[in-house]
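Undergrad: Structure incoming, see below.
Bear in mind these aren't lab numbers, they're just calculated from the coordinates by the rules spelled out. On a predicted model such as this, the values are computed, not experimentally measured, just so you know. No Cβ is skipped: glycine too gets one built from the backbone with ideal geometry, and neighbour counts run over all protein chains shown.
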Amino acid sequence: MQQYIIKTNALSKIYKMGDEIVTALKSVDLAISKNDYVALMGPSGSGKSTLMNLIGCLDSPTAGDYYLNGVNVSQMSDTDLAEVRNKEIGFVFQTFNLLPRMSALENVAMPLVYAGKSKAERESKAQKVLEQVGLGDRMFHKPNELSGGQRQRVAIARALVNDPAIILADEPTGNLDSKTSLEIMRILKDIHTAGNTIILVTHEPDIAEHAHRIIRMRDGLIESDNVMEEVENHK
């Protein structure tokens, strides 16, 4: 198991909605190596969001096993899952999910509060990752004083602050114009080059092409799983 950062065996998720049973994920087998850069695609209802939630330890499977860094997290309690999430996974969302009354620095430092770091440690690390994403001069600005691209950079810095094993980016360019989207994708590329594993959920083929592997889902199953040729034109 150890050679894969993510390994699922017959992962399934069934929801009960009133009298209806919905099988969102049907016995999915997936293996993702450390430092992979994977794009997850598929139409609404394909199961990609369900798979993303399971990989991100935001939900538990109905059946099957999920190994994260060699540890089976499938049957963990919500408390244990929250701890794994905070330590192992950095999330980047389409809607940024920043706290409006807090500065960029305070937003980025927030995960370190749950990790039990001192205020000095939190501020030092948050400053470092904000500089890494090119926002060293915007640390004390609140979200409403930042552009959409800058807000997404703050969200990426927050995802990085705990040195997670995996970055999960859910439609990270969905609210951005094409120029800003490219800037965000360049930052994700740099993060990948530095050694992170990235899983990107997107509807946009041109955004998916930045990944090294594209997994397409349909009807709760993996429809295709293709490794891309290295593309040099996304610099």
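Undergrad: For LYS117, go through the lysines and keep the ones whose alpha-carbon is under 29 Å away, minus same-chain ones fewer than eight residues off.
TA: The qualifying lysines are LYS34, LYS87, LYS125, LYS128, LYS142, LYS189.
Undergrad: If you don't mind, another one. Could you tally the net charge around ASN162, taking each other residue with its Cβ under 13 Å from the Cβ of ASN162, Lys/Arg +1 and Asp/Glu -1?
TA: For residues surrounding ASN162, the net value is +3.
Undergrad: A further question on this structure: Taking N as the number of residues in region 110-233, what is its alpha-carbon radius of gyration divided by 2.2 N^0.38 Å?
TA: Computed over Cα atoms of region 110-233, the ratio equals 1.16.
Undergrad: Grab the beta carbon distance between SER77 and LYS16, set R0 = 25 Å, and tell me the FRET efficiency rounded to 0.05.
TA: 0.75
Undergrad: Take GLU121, project a point 7 Å from its Cα along the Cβ direction, then tell me which residues of region 70-99 have their backbone nitrogen under 19 Å from it.
TA: From region 70-99, the list is 83-90.
Undergrad: Pairs of Cα atoms under 8 Å, at least six residues apart: use those to get the relative contact order of the chain, whole percent.
TA: That works out to 27 percent.
Undergrad: If you place +1 on the Cβ of every Lys and Arg, -1 on the Cβ of every Asp and Glu, and leave all else neutral, what size is the dipole of region 126-228 about its Cα centre, to the nearest 20 Debye?
TA: 300
Undergrad: A further question follows. List the lysines whose alpha-carbon lies under 19 Å from that of LYS13, not counting same-chain residues fewer than 8 positions away?
TA: Within reach: LYS26, LYS48.
Undergrad: May I pose another question? Can you give the percent of C-alpha pairs in the chain whose distance is more than 31 Å?
TA: Value for the chain (Cα pairs over 31 Å): 22 percent.
Undergrad: 7 Å from Cα along Cα→Cβ at both HIS203 and LYS26: what's the point-to-point distance in nm?
TA: 2.4
Undergrad: Using Cα centres only, tell me the gap between region 34-105 and region 191-218 in whole Å.
TA: Taking the Cα centre of each part, region 34-105 and region 191-218 sit 15 Å apart.
Undergrad: Can you quote the Å³ per residue value for the convex hull of the Cα atoms in region 129-201, rounded to an integer?
TA: It is 83 Å³ per residue.
Undergrad: Report, for the chain, the % of DSSP beta bridges that are antiparallel, rounded to 5.
TA: Antiparallel bridges: around 55 percent, rounded to the nearest 5.
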